[in-house]
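Rule-based calculations on the coordinates, nothing more; no lab input. As the structure is a prediction and not an experimental result, all values here were calculated from the model. Glycine gets a Cβ as well: all are built from the backbone with ideal geometry, and neighbour counts include every protein chain shown.
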Amino acid sequence: MCKVPDKTALVTGGSRGIGSAIVEKLVKNGAQVAFTYLSSPEKANELVNKLTVNGAKVIAYQSDASDHTQSKELIEKVIKDFGRIDILVNNAGITKDNLIMRMTEEQWDQVMNINLKSAFNLTKFAVTQMMRQRSGSIINITSVVGQFGNAGQSNYAASKAGMIGFTKSIAKEVASRNIRCNAIAPGFIETEMTHVLDEKTKENFLKNIPLGRLAQGSEVADVVTFLASDQSSYITGQVLSVCGGLNM
Ligand code: NAP
């Protein structure tokens, strides 16, 4: 089991789905965790109350990851409240699916801003602190769709492919300061994001997954914990797929 004792993590979009599983796993493995949400304060508070036991420190912040100024202010608040940032997980993301002929400019912009610009916003301000500390681990949650594409998801696929290029570039920029940057590409995970898909789409996906099932958020969270821990100290610039073999 990978441990992250005495490390401080910031997870964007930690109120639900994969993000909440990541928050929970990091706390259980010894980290102090700051996480963000956009529109679900009840879920965020519920998670804070559930995890704030046995001396654990968990704070939720309402902050729009796609907003540059809010991201700067968030990092300042987290440093004030926790004193440091060792782990950044860029997890916040949305889908606005449509075929290209019907896709609106708004659908394109929203997905690019929330999925990709958010990673720029948070990484830019967190890296300054990590450089001072001379250590850090940045983990970007991309998707197998960013590697293989998907009809009806050109905006989502472009944002997630962009995240992979971003990950590899940041890894090269900051490696000399002992800061690592990796991406995780989940396949099909059971969350509210996938609950909206119709049964036929889900069945089609399942047919192509060698392990024959959807994954739980906790299975992505295990890989985040590994990349956040010192046990992955020689891994940077990589994309780890958590997709049941979907990409084979
Ligand atoms: P989800 O259940 O829909 O949860 C999305 C999370 O992102 C929520 O906590 C939400 O906050 C937050 N969020 C949305 N917009 C935000 C913004 N502008 N600023 C800050 N937080 C924001 O999604 P999920 O399925 O857990 O997905 C998490 C990540 O994994 C995404 O990046 C997604 O693309 C990626 N992923 C998911 C799957 C999958 O099968 N589910 C597969 C591959 C990759 P509120 O609760 O406040 O709305």
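Taking 7 Å along the Cα-to-C-beta vector as the label spot, tell me the M248-R134 distance in nanometres, rounded to one decimal.
Going from the M248 label point to the R134 one covers 4.4 nm.
If you take the square roots of the eigenvalues of the alpha-carbon gyration tensor of the chain and sort them as a ≥ b ≥ c, do you get rounded (a/c under 1.5), prolate (a/b over b/c) or oblate?
rounded
Can you pull the one-decimal nm distance between simple spin-label points at L99 and N54, each 7 Å off the Cα toward Cβ?
Distance between label points: 5.3 nm.
Could you give the angle, 0 to 90 degrees to the nearest 10, between helix 217-228's Cα long axis and the longest principal axis of the Cα atoms of the chain?
50
Angle check, please: helix 17-28 long axis (alpha carbons) against the longest principal axis of the chain (alpha carbons), in degrees 0 to 90, nearest 10.
Once rounded, one gets 30 degrees.
How high is the relative contact order of the range 8-241, in percent, with contacts defined as C-alpha pairs under 8 Å that are six or more residues apart?
21
Using only Cα atoms, locate the centre of the range 1-22 and the centre of the range 100-176, then give the distance between them in Å, rounded to an integer.
Their Cα centres are 18 Å away from one another.
Can you list the HN-Hα couplings for the range 121-129, worked out from phi with the Karplus curve (6.51, -1.76, 1.60; θ = phi - 60°), rounded to whole Hz and with x for Gly and Pro?
Result, ordered by residue: 3, 6, 5, 3, 7, 6, 4, 4, 5 Hz.
Around L240, which amide H atoms from residues at least 5 apart in sequence, or from another chain, sit under 5 Å from its own amide H, with H modelled in the peptide plane?
Long-range HN contacts for L240: A183, I184, A185.
Let's see if you can work this out: charge +1 on each Lys and Arg Cβ, -1 on each Asp and Glu Cβ, no other charges. What is the dipole magnitude of the chain about its Cα centre, in debye to the nearest 20?
So the dipole magnitude of the chain works out to roughly 740 debye.
According to a simple spin-label model (label point 7 Å from Cα along Cα-to-Cβ), what is the distance in nm between H195 and Q231?
In this crude spin-label approximation the distance works out to 3.1 nm.
Most fluctuating residue of D97, D230, D81 in a GNM of the chain with Cα springs under 10 Å: which is it?
Of D97, D230, D81, the Gaussian network model singles out D81 as fluctuating most.
Considering only S232, S143, S159, give the residue with the highest GNM mean-square fluctuation for the chain, with springs between Cα atoms whenever their separation is below 10 Å.
S232
Within 10 Å of each candidate Cβ there may be at most 12 other Cβ atoms; applying that plus a DSSP loop requirement, which trypsin sites (Lys or Arg not before Pro) in the range 105-204 survive?
Sites meeting the loop and neighbour criteria: R134.
A 18 angstrom limit on the alpha carbon distance is what I want to check against. Which of K72/K124; K57/K77; K3/K168; K160/K207; K50/K77; K77/K172 exceed it?
Beyond 18 Å: K3/K168; K160/K207; K50/K77; K77/K172.
Taking the chain as a Gaussian network, where each spring joins two C-alpha atoms under 10 Å apart, which residue of T104, T194, T236 fluctuates the most?
T104
With each run of n ≥ 4 DSSP H residues scored as -39500 (n - 2.57), what mean residue ellipticity at 222 nm is computed for the chain after dividing by its residue count and rounding to the nearest 500 deg cm²/dmol?
So the calculated ellipticity at 222 nm is -13500 deg cm²/dmol.
Which far-off residues, 5 or more places away or on another chain, put their amide H under 5 Å from the one on R180, with H placed in the peptide plane?
Under 5 Å from the amide H of R180 lie the amide H atoms of G136, S137, I138, each far enough along the sequence or on another chain.
How big is the gap, in Å, between the Cα center of the range 24-40 and the Cα center of the range 193-248?
Answer, in whole Å: 20.
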